[in-house]
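The values are calculated or read from the model by the stated rules, or taken from the named source; none is laboratory data. Note that the structure is predicted; figures quoted are calculated from it, not measured. Here the Cβ is made from the backbone with ideal geometry for all residues, glycine too, and neighbour counts use every protein chain on show. The area values use the complete protein model at the heavy-atom level, side chains included, leaving out ligands, DNA and RNA. Shrake-Rupley method; radii C 1.70, N 1.55, O 1.52, S 1.80 Å.
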Amino acid sequence: MCIRDRYNHSSFCAGREVICAGLIRINKGDITYISNESGHYTPPPTQLANAIQILAEEYDIPMGETLTEIEINGGVRFDNLASFLAAHPAV
């Protein structure tokens with residue numbers, strides 16, 4: 001494979017602003033894990049809450065049913081969407 005045929009994680013938005021950076025796990029089409037863990041963007045929990053809200057409302061993804069792990073900055077974990085959003089409401 002030629003190097004110009006490769007994509008880096010930053011290639012998708014080509015330097016434009018993003019809603020949130022982090023990790024996401026998808027199992028059989030369902031989002032089961034999401035975090036704001038990012039090497040250099042370090043988005044705050046409010047951006048993660050916004051991303052979850054956008055995925056649920058604008059893309060009609062049933063986050064409350066499938067999302068069972070939410071992690072902030074590689075440390076604090078929430079085992080359901082309600083507890084995370086209670087601590088970090090979307091903007």
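Evaluated at 4 °C with a viscosity of 1.567 mPa s, what Stokes-Einstein diffusion coefficient in µm²/s does the chain have when Rh comes from the Kirkwood expression over alpha-carbon pairs? Walk me through the intermediate numbers first.
On the way: Rh = 14.0 Å.
Rounded to a whole number, D works out at 93 µm²/s.
Each residue of the stretch 58-64 in turn: what ³J(HN,Hα) in whole Hz from Karplus with 6.51, -1.76, 1.60 and θ = phi - 60°, glycine and Pro shown as x?
Values, residue by residue: 7, 10, 6, 8, x, 4, x Hz.
Would you tell me the accessible area of residue 84, worked out with a 1.4 angstrom probe on the heavy atoms of the protein chains, in Å² to the nearest 10?
Solvent-accessible area, nearest 10 Å²: 0 Å².
If packing is taken as the average count of other Cβ atoms within 10 Å, what order do 47-55, 26-34, 63-71 fall into, highest mean first?
On the way: 47-55: 19.8, 26-34: 13.3, 63-71: 17.1.
Highest mean packing first, the order is 47-55, 63-71, 26-34.
With the other protein chains left in place, how much accessible area per residue, in square angstrom, belongs to the chain at a 1.4 angstrom probe?
Accessible area per residue: 71 Å².
When DSSP beta bridges are limited to those with both residues in the chain, what percentage is antiparallel, rounded to the nearest 5? Kindly include the intermediate steps, with their values, before the conclusion.
On the way: 8 of 11 bridges.
Among the beta bridges of the chain, antiparallel pairing accounts for roughly 75 percent.
Pop a pseudo-label 7 angstrom from the Cα along the beta-carbon direction at both residue 25 and residue 87 and give the gap in nm to one decimal.
1.7 nm
Mind checking the angle between helix 45-57 and the chain's longest principal axis? C-alpha axes, 0 to 90 degrees, to the nearest 10.
90 degrees
Report the full-extension gain for the segment residue 42 to residue 57: residue separation times 0.36 nm, less the Cα-Cα distance, to one decimal in nm. Intermediate values should be presented prior to the final figure.
Values: separation 15, 0.36 × 15 = 5.40 nm, distance 2.40 nm.
Additional length available on full extension: 3.0 nm.
With a 1.4 Å probe and all protein chains left in place, how much of the accessible area of the chain comes from carbon and sulfur atoms, in whole percent?
On the way: 3340 of 6430 Å².
Percent of accessible area from carbon and sulfur atoms in the chain: 52.
Could you work out the helix-only [θ] at 222 nm for the chain, with each DSSP H run of four or more residues adding -39,500 (n - 2.57) and the total divided by the number of residues, to the nearest 500 deg cm²/dmol? All intermediate terms of the calculation are to be shown ahead of the outcome.
On the way: 3 runs with 24 residues, N = 91.
Calculated at 222 nm, the ellipticity per residue is -7000 deg cm²/dmol.
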